[in-house]
Amino acid sequence: YKPSVVVIEYNASHLPDEDKVAKYRPYYVGDETNYYGASILAFYHLGRSRGYSLVYADQNGVNLFFVRDDLITSKGLVFKDVNDVQKLYRSPTYGKGPNGGHPHDYKMRDYLSSDQIIGRL
């Protein structure tokens, strides 16, 4: 199954040049820190590896929108700043932590990179 459009929530607290993915932990329910999800750059790399282009990030810094590359080509679709992570990134508007998002991860946990995740798929 290959959807035409994919919308996914990302962690906009991470800046657009940070390739970060929180490590998977079964049964983890989270805490009050910024250790969750993945950055826009990490999702961009995942999308590109699967044949999708990043076309939009909502104004609240919550959701990313990807469109299948073959549809962009076959239908002649044009998107402003397609695949330009720096220009598409939006700072989060939902918190008081770093960059306007969730509080800093005071536990200082390690992140994975998108390369580490994509290599496992």
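The values are calculated or read from the model by the stated rules, or taken from the named source; none is laboratory data. From a predicted model like this one, the values you see are computed outputs, not experimental measurements. In this analysis, Cβ positions are derived from the backbone assuming ideal geometry, glycine residues included, and neighbour counts consider all displayed protein chains. The area values use the complete protein model at the heavy-atom level, side chains included, leaving out ligands, DNA and RNA. Shrake-Rupley method; radii C 1.70, N 1.55, O 1.52, S 1.80 Å.
Brief remarks on what is shown
- Residue match in segment 61-74 (condition: out of contact with any Pro (no Cβ under 9 Å at 6 or more places or on another chain), closer than 26 Å to Val5 by Cα, acidic (Asp, Glu) and open to solvent by 70 Å² or more (accessible area, probe 1.4 Å)): yes
- Members of segment 54-97 that are modelled with pLDDT under 95 and either of a type in the set (A, V, I, L, M) or more than 17 Å from the chain's Cα centre (by Cα) (or both): Val62, Gly95, Lys96, Gly97
- Segment 29-62: number of residues that are hydrophobic (A, V, I, L, M, F, W, C) and in a loop (DSSP other than H, G, I, E, B): 2
- Tally of residues being assigned to a loop (DSSP other than H, G, I, E, B), open to solvent by 50 Å² or more (accessible area, probe 1.4 Å) and either free of Cβ contacts under 8 Å to residues at least 12 places away in the same chain or over 15 Å from Val55 (Cα atoms) (or both) across segment 85-121: 14
- Where a residue in segment 9-20 is over 12 Å from Tyr89 (Cα atoms) and its partner, wherever it lies, is at pLDDT 95 or above and assigned to a loop (DSSP other than H, G, I, E, B), with Cβ under 6 Å and at least six apart: Asp19/Ser113; Lys20/Ser39
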